[in-house]
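Since the structure comes first, as structure tokens, the remarks are kept for the end.
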Amino acid sequence: MGYLDVPGLRRVWSYMKSYVDACVESRTGTADRLATARAVDGVTFDGTANISHYAVCSTSGGTAAKTCSITSFLLVTGARVMVRFTNANTASHPTLNVSGTGAKYIYYKSTYIPTDSIKAGTVLELVYSGSYWYAVGDLSGHLAEALTSPISLYSSATGIYASSLQAWAYTTVSGLSNWKEVRVWAEVGDGTRGYYMLNRSHTQANLSGYVSTAYNGMMYVACDFANNRVGVYVTSKTGWGFSALRVLSVEGLVRNA
């Protein structure tokens, strides 16, 4: 059968072919791009480039406000980052600000990450809860490292002291719940001064100080680990003011496992 040349058929076919070719050409270079970019664990992705959740934080150790940068980062619930800290942290309650999206506290379990748990070169994986950055996984192995020296949790020139007899006076000691053994520096006037060890099995110490019948006193010191606080309770005193029966410092010795 010969070729059937229906009037206008060739012209219609030529037009359709040109249209298809133009559509294909218009999509060249854009076929891999998503019409709407999507956030993948906090980093936007449109198909044109790889995404990364890795960043380096070079903020000085003594600065609590840590910063880093990740391309196309969005601070959304569930966002994840993997941050290498160049410097060991020495600041209390560090925060992390990724790509200028806002400083958020770094938490481990249910409270602020321990001050000395970020060593130089540490890589932490963190997930954003909508309020805080939470360290992913269990850091027990890292936190169980032997301490070369006690970690200061509280220090004051005036200290913790009661203002009346037989009434507890408590002061918040941030991060106390991260420890299972601490030592407190306690003083009963000029009669007793020194460190006292307290732990979760032995949370209270009874101290007495005696110089003479004109100067003596007795008090209790207690660590409330669960509620992050230390208290002083004076049972009796003679000569000294209440501020002379006090706790001046609290230092961490052994972390929770």
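A few comments on the model shown:
- Every residue from region 202-251 that is in contact with an Asp or Glu (Cβ under 9 Å, 6 or more places away or on another chain), in a strand (DSSP E or B) and either of a type outside the set (F, W, Y) or within 21 Å of T171 (Cα to Cα) (or both): L207, G209, V211, V230, G231, L245, R246, V247, L248
- Every residue from region 155-189 that is part of a loop (DSSP other than H, G, I, E, B) and modelled with pLDDT under 95: S174, G175
- Exactly one residue out of S164, S117 is small (G, A, S) and in the same structural domain as V98 (by TED's automatic domain parsing), and it is S117.
- Test result for F73, in contact with a Lys or Arg (Cβ under 8 Å, 6 or more places away or on another chain) and assigned by TED's automatic domain parsing to the domain that holds T44: no
- Failed condition for E25, given (1) surrounded by 13 or more Cβ atoms within 10 Å (Cβ to Cβ); (2) modelled with pLDDT under 70: (1)
The values are calculated or read from the model by the stated rules, or taken from the named source; none is laboratory data. Everything quoted here is computed from the prediction, not taken from an experiment. Every residue, glycine as well, gets a Cβ built from its backbone with ideal geometry; the counts of neighbours run over all protein chains shown.
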